[in-house]
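Single-structure report; data block below.
The values are calculated or read from the model by the stated rules, or taken from the named source; none is laboratory data. Just so it is clear, the model here is predicted, and its values are computed rather than measured. Please note: Cβ atoms are built from the backbone with ideal geometry, for glycine as well, and neighbour counts cover all protein chains shown. Protein only, heavy atoms only, side chains kept; ligands, DNA and RNA dropped before computing areas. Shrake-Rupley method; radii C 1.70, N 1.55, O 1.52, S 1.80 Å.
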Amino acid sequence: MRFTQILRGSASLVVLTTVAAGAGSAFAAAPADQPEVTSVKEIVVTAQKREQNLQDVPVVVTSLPAKLLQDAGVKDIKDLTVLTPGLTVTSTSNETITTARIRGVGTVGDNPGLESSVGVVIDGVYRPRNGVSFGDLGETDRIEVLKGPQGTLFGKNTSAGVINILTKAPAFNFDAQGELTAGDHGAVGGSASVTGPITDQVAARLYFADRKRDGFYTVVPAGGPRTTTDDQDQSYWTLRGQLLFQPSDKASIRIIGDYTERNEHCCVAVQTRTGPTGAIVNGLAAGGQGVQPAAPGFATLPYSRTAYANRETGQDVKDKGIQAEGNVDLDWATFTSISSFREWSTMNGQDIDYSGADILYRNKDDNNSNKFDTFSQEFRLAGKTEHFDWLVGAFYADEELTSKVSYLYGTAYTPYLSLIATSGASATLIPCLTGTFTPGPNCNGPTFTPGLAVTDHYAQNDHSLAFFTNETFHVTDKFDITAGVRWTEDDKTLNSFYQNVGDNGAACAAGLGNFAGGKWTLLGIPAASQPTLAGLLCLPWSNPQFANRNTHQKSHAADTSGTIKASYHFTSDIMGYISYAKGSKAGGFNLDRIGSSNGLPSGGTGFTPVTDTSFPTETAHSFEVGAKTTWLDGKLLLNATYFDQTFNHFQLNTFLGTSFVVESIPEVSSRGVDADFLYFTPIKGLTLQGGVTYADTKYGNFGPSDLISASHYPQLSLLPGHHVSFAPLVSASGAISYDHKIADSLRFMFNLDAKYTSSYNTGSDLLPAKQQSAMTLVNGRIGFGAADHRWTVELWGQNLTDVKYKQVVFNAPLQGGAFQSTPTASGPYAGTFYNPALDTQTYDAFLGQPRTVGVTLRVRY
């Protein structure tokens, strides 16, 4: 982290401390136990950066209290999905690439430069990517899922919504808790926390957790060098320390430091359909164990958790940071400052071909890594009068991203390209294509030397500055108007350094020379097939035009977002509202080798490197009409909202077979209804909670000329007018919780939660083989313990019915093709570039977690 950043943050904290010390009504510390909520009127949220009752906020909010989160086994944002209708969270090639989507809208793909559509905020600090929150969230006080654009108060990259996580603060009364968990798949872990006073003005909280689990996949190493025979395991530890200062009755300062380290293996993939290349892959793999053998007629394969990988998939993740939040009561207003320094780094190994053949891979080292260094500072001033609640603020963030990408050729890379080019007839074509022709063909040309071939380096810096205001005018005691505006300036620079290692690129250069000279005809290769062979020789990682290529790009964007809401309390328990909001998601740059096609069918990546890899800002416009109602003297909540959202320049990150490319889709619309209920039943300790989201989320119609690059259209030709990937039409969640004494010294508890999701497509290109059928996931927990909570024993299960589902289905790299070079003339896919009769693609999948069961012991002092 740069020293100047530390100085800025230190200065702001010193100023805040000085003001706090001189201030002279108390900021109460959080107690060790929040009182049990038994009425809707007691539910507090901070969706508008101030504490309000849930039913008074004209925003769709799913509020999940600490007790429900614990009973449902929520430890990271992926666990939230079963409790939140309209929310999906998935991971792809490693767990750091975790994507949250709300109402079918989110960011997808492996480009670290692509920012999130759903923002994740932890204790007031925005996290740069969703993957940062894939880990133990620690002791949560509550989680609020805000749906729809939230840019006015939460800033850029919240165009689809916000996951607002609030952890427990230090308390001035002593409390210590511990937890031990054991389960199947070798799961074992535990956590411990302690909080209490240090002095009468200082309190502290310390939390530690350590968890391990075997993998959910059985991996066939096929001769190695991989030795690990499982994958998607778990092994991490986390430490979080806090101090709460109350230097005067009107001030509080909360300092949080945290560190998390993960050392795991993830992610292999399984074949859901093996195409014609499967026989070639198996022929090159040790023992013929390269991929699942193809089914008759290349049909869909039975569901299996057996994966094939000859290279290691280790992942090392480190996340650390320190932040300080101060609040000062100035009598006429409250001043808030939040300063944060964070560093998040990852190193990942990858078997790029997801097979047992030694084709293409990445080692877990510095050459394949990402690192984010982030400083952020927010100031807010908020106050209220009899008729007016007001808030003004400023926000600054400086994010430095260092991304390194490597490619290594395996020993089978050269023969594999030869075999797929000749339909399995020859493993020695490549040196013939690149060799000399004097006097005739000599198969003596350069090939692809096994080992390190590419070490690319991207350095991106993002400066963001924003000023915002949000006011509520109480026109009458029943009618409120809320208006907010945020102005954001975003400056990004990207320095890209491309490097081919050793003789990488020589085969492409020699082959292109022979191709241009017409010499391949002497090998009996038809002219129509020669451009495809040129594309195979000159894939992005073997393209000599990227050798020692350095580029510098910069972008500047200034955007104004805002909201206006009108709410009316028909009675004290029934409120209706109508709102409009505009949000945005910052533009950026593709961090990959991107090329123009030059008319050659090479997956849209081509030969000539593209100088401008930028994509524009995504904007969102949202209209909502809703009602929030409370019944049965505060025991029953029934809320419903109709929403109509339009996203312009939607940033779609899609895999084109050889690289990830962000395309700007002209329009995506999302229309539907959110409905929530909460019932504190007459049976003491029994609570029912749930909701339904109906979201019709579709792409608008577009053609090649509407894209950044028209050459990308064939792979995106299934999109116009169809539902967005990961956008189920209907999702519904429900939870039943019970916790009450069954004797003077004994209590009984159980929790059952379920999530129904209608069918949806898991692929950004919407290929039919990537469809996930409708499913219902059920989790449960049952336990008993001391009435005073001194100890509790719980039996639990996740995915109790062992639903077999796919997180993401994708095209296996270099293993067939689904899209054609000419449009389909007739049938259901007429006008697109997809013809199912010509689909030779092998499809791989990252699977959802299987049923897991275990036991947890909790103790408390």
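Worth a mention:
- Hits in the range 53-64 (condition: surrounded by 18 or more Cβ atoms within 10 Å (Cβ to Cβ) and part of a strand (DSSP E or B)): Val61, Thr62, Ser63, Leu64
- Checking Asp389, Asp365, Asp398, Asp373 one by one, the residue that is of a type outside the set (Ser, Thr, Tyr) and open to solvent by less than 10 Å² (accessible area, probe 1.4 Å) is Asp398 and no other.
- Positions within the range 67-84 being within 17 Å of the chain's Cα centre (by Cα) and part of a loop (DSSP other than H, G, I, E, B), in sequence order: Val74, Lys75, Asp76, Thr84
- Qualifying residue in the range 797-810 (condition: farther than 29 Å from Leu360 by Cβ, of a type in the set (Gly, Ala, Ser) and not in a loop (DSSP other than H, G, I, E, B)): yes
- Test: residue in the range 504-527 that is under 38 Å from the mean Cα position of the chain (by Cα), among the hydroxyl-bearing types (Ser, Thr, Tyr) and open to solvent by 40 Å² or more (accessible area, probe 1.4 Å): no
- Every test in (1) among the aliphatic types (A, V, I, L, M); (2) open to solvent by less than 30 Å² (accessible area, probe 1.4 Å); (3) assigned to a loop (DSSP other than H, G, I, E, B) is passed by Ala695 save one, and that test is (3).
- Contact map, the range 73-92: residues that are open to solvent by less than 10 Å² (accessible area, probe 1.4 Å) paired with residues that are of a type in the set (A, V, I, L, M, F, W, C) and part of a helix (DSSP H, G or I), Cβ distance under 7 Å, separation 6+ or inter-chain. Pairs shown: Leu87/Leu80.
- Candidates Thr619, Thr629, Thr654 - the one that is open to solvent by 10 Å² or more (accessible area, probe 1.4 Å), at pLDDT below 95 and in a strand (DSSP E or B): Thr619
- Qualifying residues in the range 463-503 (those that are aromatic (Phe, Trp, Tyr) and within 25 Å of Asn370 (Cα to Cα)) - the one least open to solvent (accessible area, probe 1.4 Å): Tyr498
Here is a yes/no grid of residues against (1) surrounded by 22 or more Cβ atoms within 10 Å (Cβ to Cβ); (2) among the β-branched types (Val, Ile, Thr); (3) over 30 Å from Arg127 (Cα atoms); (4) modelled with pLDDT of 95 or more:
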{"position": "Phe216", "(1), (2), (3), (4)": "no, no, no, yes"}
{"position": "Tyr259", "(1), (2), (3), (4)": "no, no, no, yes"}
{"position": "Gln271", "(1), (2), (3), (4)": "yes, no, yes, yes"}
{"position": "Thr277", "(1), (2), (3), (4)": "yes, yes, yes, yes"}
{"position": "Leu284", "(1), (2), (3), (4)": "yes, no, yes, yes"}
{"position": "Ala294", "(1), (2), (3), (4)": "no, no, yes, yes"}
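- Among residues of the range 715-734 that are closer than 16 Å to Gln771 by Cβ and assigned to a loop (DSSP other than H, G, I, E, B), those with a beta-carbon under 6 Å from a residue that is small (Gly, Ala, Ser) and open to solvent by less than 30 Å² (accessible area, probe 1.4 Å) at least six positions away or on a different chain give the pairs Val724/Gly104; Ser725/Gly763; Ser725/Ser764; Ala727/Gly104; Pro728/Ser758; Leu729/Ser758.
- Scanning the range 835-861 for residues that are part of a loop (DSSP other than H, G, I, E, B), surrounded by fewer than 20 Cβ atoms within 10 Å (Cβ to Cβ) and β-branched (Val, Ile, Thr) yields one hit, Thr840.
- Figure legend. Inter-residue proximity from the range 305-316: first residues farther than 10 Å from Tyr217 by Cα and basic (Lys, Arg), second residues in a strand (DSSP E or B) and open to solvent by less than 30 Å² (accessible area, probe 1.4 Å), beta-carbon distance below 6 Å, spacing 6+ or different chains. Indicated pairs: Arg311/Asp351; Arg311/Tyr361.
- Filter pass, Tyr679 being open to solvent by 40 Å² or more (accessible area, probe 1.4 Å) and either more than 19 Å from Asp765 (Cα to Cα) or of a type in the set (Gly, Ala, Ser) (or both): yes
- Evaluated against (1) assigned to a loop (DSSP other than H, G, I, E, B); (2) within 30 Å of Thr167 (Cβ to Cβ), Leu244 falls short on exactly one condition, (1).
- Verdict on Glu378 being within 21 Å of the chain's Cα centre (by Cα) and more than 25 Å from Gly288 (Cβ to Cβ): no
- Some residue of the range 24-35 being part of a loop (DSSP other than H, G, I, E, B), buried (at least 18 other Cβ atoms within 10 Å of the Cβ), more than 27 Å from the chain's Cα centre (by Cα) and at pLDDT 50 or above: no
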